[in-house]
1. With +1 on each Lys and Arg Cβ and -1 on each Asp and Glu Cβ, and nothing else charged, work out how big the dipole of the stretch 543-707 is about its Cα centre, in Debye to the nearest 20.
2. Say the cut-off is 19 Å between C-alpha atoms; which of Lys350/Lys459; Lys589/Lys614; Lys378/Lys430; Lys330/Lys430; Lys330/Lys420; Lys331/Lys430 go over it?
3. Through the Karplus equation 6.51 cos²θ - 1.76 cosθ + 1.60, θ set to phi - 60°, convert the phi angles of the stretch 669-683 into ³J(HN,Hα) values in whole Hz; use x for Gly and Pro.
4. How many nm separate the modelled label positions at Ile138 and Glu549, each set 7 Å beyond the Cα in the direction of the Cβ?
5. Name the residues whose placed amide hydrogens come within less than 5 Å of the amide hydrogen of Glu410, ignoring near sequence neighbours (fewer than 5 apart) on the same chain.
6. Would you mind ranking Ser633, Ser678 by Cβ crowding within 10 Å, fewest neighbours first?
7. Please go through the stretch 314-395 and write out the trypsin sites (Lys or Arg not before Pro) that DSSP classes as loop and that have at most 15 other C-beta atoms within 10 Å.
8. What is the stretch 345-471's relative contact order, in percent, from Cα pairs under 8 angstrom and six or more apart in sequence?
Amino acid sequence: MSVYSLGFLIGTFFTLASGFFVYWKNRKNIANLLWLLLCLATSLWQFGRFSISIAENSAQALYWCRIIYAGAIFIPVFSIHFILAFINKVHKRRYVLISVYIAGFIELVLSFTPYFISGVEKRAVIGFYEVPEKAYIIHFIVFISVAMLILYELVSEYLVTEMAIRKNQLKYLFIASVFGYLSGLTSFFPLVSDSVLPIASPFTALFVLIISYAIIKYKFLDISIVIKKSLAYTFIVLILIVPCFAIIVWMQKKIFGVVDLTFSLIALILFVLVGLIFPRVKVGTEKTLENLLFKKQLNHEETIHNLSEAMVNVLEKAPLLRTLVETLVKKLDIDYACIVLLNEERNEFKVESSYGLNGNSAERVYPKDDYFFDWLQKRSRVAVKEEIMDSFDVPRKDYLIEKMNELQAEVCVPILSRSKLVGSLCMGKKMTGEIYNENELKLFQTLSNQFAVYLENAKLYESLKESRNRMRRSDRLASLGQLAAGMAHEIRNPLVSIQTFLQLLPERINDKEFRTDFLKITTGEVERISRLLTALLDFSKPSKPKFAEENLSELLEDIVFLCENQIKKKNIQVEKRYDVNLKSVNVDKEQIKQVFLNIILNAIDATPENGKIKIATRNINVDNQTYVQVEISDTGIGIEKQDLENIFNPFFTKKEKGSGLGLSICHQIIDEHMGTISAESEVGKGSSFYINIPVNPVVLDRRKGDRT
């Protein structure tokens, strides 16, 4: 077999592989389909040339001559269609395209007549070659015309496009087209002169190679990932198939003295099918065997994967630990699991969370410098009790086994953060009595590495939450500071009244009416002081968030009572419009009170003497969701338009001594209650704040979850 023949054979396989890979990636894209058709036509021509070159007689050669022109004729047809589809000009050049297709079908009909090719003749080096007749000129004219049209369209598109990646795609298409049509042009040389050889095969290979390079580098036809993954495999298949096919052809000639082209063609098709189908069969067979033989292992891998995804959404440490140990016990079918974590403040390792049949290790505490944990850090990989027991070179083996027994652990997985041991994931025995295999241990180590990151995130989240709580606490104390002077006045006035009555009491002890009035007035004043101090203490003392059904009108009334002295000082009229049918909402009343106090104090501060503050509550409906709305309006100085959009931003303030945190904290609290807070204002006329809190936040949360 000559180099000439081998070039066409290799080109056939490479062109077929490129066509099918592109088409398989996106079968709905017309450009991908046209590339496949172009590759099929090209590979048919290439294989036909190979078959003619090794033909034993003129009859075989003529037979393949008729076949190859079914490909050769449609190479320019599919080429122009492919280029026009790529540059989105199919509709604009539809009449040209229709004309090319008509010419192609006319050529196809003529190619099977003696008016197109009358026969074949033997040539040096290349073997048999066709003898053209008068109708063959149509094929030559169409070929040259389409080549010129393709180059013209590519150049025109290149000049008008502005996108850099598009220009590169067009550039490579132009270069590939030049090489492709030069390769086709060489096939006409032997028809002109016996001394000129057709050197088409290398040029054809370059045509496909250039397009493939454009696909890889510039995401041409959007199949770069497929090509990158499959290119090596394609070359391997070619390296294996081509020599095998060459050996079959050689053996036919050596043993039988003649090469049967039909048999060779069938063998080639079988080789191609095996090369294309094998990877798919391989993947399917592997999955089937894995499901049959290693189903439990696959379930464990899926469990670890799902657990990793679940932990991403858990920010608080306690739920994170609970999710991990419960899932491991339930899904992996083990009797016990626990997590030991380092407490930096106390310098100790403690079992923070456990789950399973046995709970004896739940309260275990170990010093930070305990040898077991020091050894686990140095080891930095999974520790298996059975391996330790069977090992002869593990120092203090008995001590290590004792600690693992205390933790009821068959496996201890170190949790490392920045090469430092921050804990250990301990798992007990499998309920089936089986040992942990190598793949499971690797999965546990991977899970441990991920968990270390999630644990660090949980710590950061807790630190952030603590900082936020401190900030809210500071804001509450600042609000109480504003009330302090008024509180002293509110407490002093009742005490003066009581003192006056006590001074008069010895003189009028026998006056029944005086005694009655004394008891009535002092009881009322004491109750007022008690109520005031209770409200003040409730507001000032830190407490854990506690959600309960509350009536917002009642919470507002408590805050207005606290601010009564400030309101009286400026002689402000408070207009209350509470909805008697107001629905209860699930809130943390102390946080909501902090919001109301902030906004009412701001309203008092902004309102001039003899001004007016309106406080109203109502039920509203927004997007089929019921809310309770609180409106707090004042007739104060108002907020400038450019400042209105910034008032809820941290540290934004126009007050000389303001921190700029009050309204920011209000916004944060309302957002945590799944509500909204907004403001309207007009300079010189006053401001209005609207707080909407959902009546059924669980339903709203589910809807938000569905949208994300």
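Each reported figure results from applying straightforward, stated rules to the coordinates on display, with no laboratory input. Keep in mind that this is a model prediction, so the values were computed, not measured. A quick note on method: Cβ atoms are made from the backbone with ideal geometry, for glycine too, and the neighbour counts reach across all protein chains shown.
1. Values: 22 positive and 25 negative charges, 20 e Å.
In debye, rounded to 20, the stretch 543-707 gives about 100.
2. The pairs that break the limit, which is 19 Å between Cα atoms, are Lys589/Lys614; Lys378/Lys430; Lys330/Lys420.
3. Going residue by residue, I get 5, 5, 5, 5, 8, 6, x, 9, 9, 9, 9, 10, 7, 9, 4 Hz, with x marking Gly and Pro.
4. In this crude spin-label approximation the distance works out to 8.9 nm.
5. Under 5 Å from the amide H of Glu410 lie the amide H atoms of Met427, Gly428, Lys429, each far enough along the sequence or on another chain.
6. Listed from fewest to most nearby Cβ atoms, that is Ser678, Ser633.
7. On the way: sites: Lys317, Arg322, Lys330, Lys331, Arg346, Lys350, Arg364, Lys368, Lys378, Arg379, Arg381, Lys385; in loops: Arg346, Arg364, Lys368, Arg381.
For trypsin sites (Lys or Arg not before Pro) across the stretch 314-395 that sit outside H, G, I, E and B with at most 15 neighbouring Cβ atoms in 10 Å, the list reads Arg346, Lys368, Arg381.
8. Working: 118 pairs, mean separation 23.7, N = 127.
This gives 19 percent for the stretch 345-471.
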